[in-house]
Structure formats: C-alpha cells, structure tokens
Amino acid sequence: MHALIFATNNQHKVDEIQSLVGIDFTIIPLKAAGIDIDIPEPHDTLQENAAEKAGTIFKLTHQNCFSEDTGLEIEVLEGAPGVKSARYAGEGRDFKANIDKVLQNLGAKKNRAAQFRTVICLIWGNATDGFKTYYFEGICKGHIAIEMQGEQGFGYDPIFIPEGASKSFAQMTMDEKNKYSHRQKAVTQLFDFLRSK
Ligand code: IMP
C-alpha cells in the first residue's frame with residue numbers, strides 16, 4: 001500500500017484523482033494531513049509551480065507527496081490563460097469571471113482550439129535511500145465552446161469540449177470526464193510509475 005500526500009486544497013481535484021486510484025494507493029489531501037496553508041504558485045511554468053507546491057509540502061512533512069498544476073492553453077491567445085488560469089480575471093480566482101474573460105477575448109474567432117495541460121510533481125523515496133523528484137504530464141486537446149454549457153465540474157469545464165466529444169466537461173459525469181481528461185492521463189502515468197517501484 002502506497003500512501004501519498006496530495007498537495008492541494010481543491011476538493012474537485014481530490015475527488016477526480018481519488019476516483020482513479022486503485023485500492024493499492026491512499027491519497028491524503030492536505031486537510032486530512034492536518035496542513036492548512038495556501039501554497040503559492042508564483043512561477044511562469046506549470047512545472048515550476050508543481051515543484052513549488054510539492055516541495056513546500058515535503059519540507060513540512062518529509063513524506064512522499066505529489067502536486068499538480070494545470071493550465072488551459074488557447075491557441076489564438078498564444079497559450080493564455082496558461083499558467084495564470086486560476087487568476088486570469090484577477091486575484092479572486094472567480095471561475096465565472098475567468099470564463100467570461102476567455103469568451104470575451106475569443107469573441108467570434110473561428111479558431112477555438114485549446115488544450116488542458118497538467119504537470120504532476122512527485123517527491124518519492126525513503127529516509128534511507130533519499131527522495132527524488134519526478135514529473136508526469138497529461139494533455140487533453142479540444143476546443144472552446146461559444147457559451148457556457150453544463151453545471152458539473154469546476155473551473156473552465158463549462159466551456160471546454162474535448163476532442164472526440166460533443167459536449168463540455170461540465171455536461172459529463174466525473175467518470176466520463178476522466179476518460180478524456182489531462183489530469184487522468186498524468187495521474188495514470190504517476191500510478192504506473194509507483195506500481196513499477
Ligand atoms: P491550478 O492547477 O489549481 O493552478 O489550476 C488552475 C486553474 O485551472 C483552476 O483554478 C481552474 O480554473 C482551471 N482548471 C484546472 N483544472 C481544470 C479542469 O480539469 N477543468 C476546468 N478547469 C480546470
């Protein structure tokens with residue numbers, strides 16, 4: 001049995017990842033680990049932010065842990081909102097305001113190609129052999145809808161339609177979203193790696 005602290009306060013991410021975990025893994029969210037901090041995401045890349053989050057939790061706990069950082073990358077907006085996805089419309093991290101800003105910036109543009117990209121940072125090892133840092137990436141390609149569709153999920157889910165689907169992430173159950181999602185792809189690699197250890 002592998003126990004891993006997941007460096008996030010986002011319950012949606014915990015639920016999504018928990019639903020992918022086999023019985024051979026226990027995921028411990030920050031709250032359950034008794035850690036009550038808002039981890040900063042000050043960097044210009046998803047990888048650096050993921051490393052910052054996992055590194056912060058490892059310094060506090062000295063236990064195996066992982067974090068993830070995700071961005072929505074829109075082609076005609078040159079990759080924006082990208083690493084700034086959570087705060088695209090300001091520090092309030094307001095999902096609706098972020099969506100409104102994306103739809104406004106895209107206007108009636110024909111090219112609505114976009115992708116979600118997740119980077120996971122894992123700090124893994126033991127006190128005898130030491131700990132190492134590993135990265136895993138998952139990408140989900142798709143496009144931005146003309147308007148919001150659906151109520152499920154979080155963040156940009158109501159305006160993101162993954163390739164091969166005809167509805168938005170917010171119109172899917174969690175299991176359906178997990179068949180396509182960036183997070184599922186990165187998490188699958190993480191668990192494959194851990195199972196190989
Ligand atoms: P972070 O990884 O917590 O920094 O996430 C950045 C932002 O991206 C979140 O606040 C959400 O707005 C958005 N986001 C991350 N993952 C998803 C997802 O699976 N669906 C929709 N939006 C997401």
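The values are calculated or read from the model by the stated rules, or taken from the named source; none is laboratory data. Keep in mind it's a predicted model, so treat the numbers as computed, not measured. Because the Cβ atoms are built from the backbone with ideal geometry, glycine has one as well, and the counts that use them run over all protein chains shown. To get the accessible areas, we keep the full protein, side chains included, count just its heavy atoms, and leave off ligands, DNA and RNA. Shrake-Rupley method; radii C 1.70, N 1.55, O 1.52, S 1.80 Å.
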Output for segment 66-124: GluC sites (Glu not before Pro) sitting in coil per DSSP, at most 13 other Cβ within 10 Å, listed by number, reads Glu78, Glu91
Can you compute 3J(HN,Hα) from phi for each residue in segment 79-94, using the Karplus curve 6.51 cos²θ - 1.76 cosθ + 1.60 with θ = phi - 60°, rounded to whole Hz and x for Gly and Pro? x, 6, x, x, 5, 8, 3, 5, 10, 4, 9, x, 5, x, 6, 8
Along the Cα→Cβ direction, 7 angstrom out, place labels at Ser19 and Phe193. What is the inter-label distance in nm? 2.4 nm
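Considering Cα pairs under 8 angstrom that are at least six residues apart, work out the relative contact order of the chain and quote it in whole percent. Kindly include the intermediate steps, with their values, before the conclusion.
Working: 369 pairs, mean separation 34.7, N = 197.
Computed over the chain, the figure is 18 percent.
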D for segment 72-116, whole µm²/s, Stokes-Einstein with Kirkwood Rh over alpha-carbon pairs at 37 °C and 0.692 mPa s: what number? 312 µm²/s
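Taking 22 Å as R0, compute the FRET efficiency from the Cβ-Cβ separation of Glu91 and His12 and round it to 0.05.
Calculated transfer efficiency: 0.65.
Between Ala32 and Thr133, what is 0.36 nm times their sequence separation minus the Cα-Cα distance? Round to one decimal in nm. Could you put the intermediate results ahead of the total?
Details: separation 101, 0.36 × 101 = 36.36 nm, distance 2.30 nm.
Going from the current span to full extension adds 34.1 nm.
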Which three numbers, in whole Å and largest first, are the semi-axes of the equivalent ellipsoid of segment 42-112 derived from its Cα gyration tensor as √(5λ)? 30, 13, 8
If you place +1 on the Cβ of every Lys and Arg, -1 on the Cβ of every Asp and Glu, and leave all else neutral, what size is the dipole of segment 1-67 about its Cα centre, to the nearest 20 Debye? 220 debye
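Can you compute the charge dipole magnitude of segment 35-140 about its Cα centre, using +1 on each Lys and Arg Cβ and -1 on each Asp and Glu Cβ, nothing else charged? Give it in debye, rounded to the nearest 20. Don't jump to the answer; show the numbers that get you there.
On the way: 12 positive and 16 negative charges, 75 e Å.
About 360 debye.
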Of the trypsin sites (Lys or Arg not before Pro) in segment 1-58, which ones lie in a loop per DSSP and count no more than 11 other C-beta atoms within 10 Å? none
Share of accessible surface on carbon and sulfur in segment 1-66, whole %, 1.4 Å probe and ligands ignored, is 52 percent
Mind checking the full-extension length gain between Gln152 and His2? Use 0.36 nm per residue of separation minus the Cα-Cα distance, one decimal, nm. 51.0 nm
Per-selection metrics, the chain (Cα): Rg and Dmax in Å: 16.8, 58
Can you give the extra length, in nm with one decimal, that the chain gains between Ser166 and Glu75 once fully stretched, where that is 0.36 nm per residue apart less the Cα-Cα distance? 30.8 nm
About its Cα centre, how strong a charge dipole does the chain have in debye, to the nearest 20, once Lys and Arg get +1 and Asp and Glu get -1 at the Cβ? 240 debye
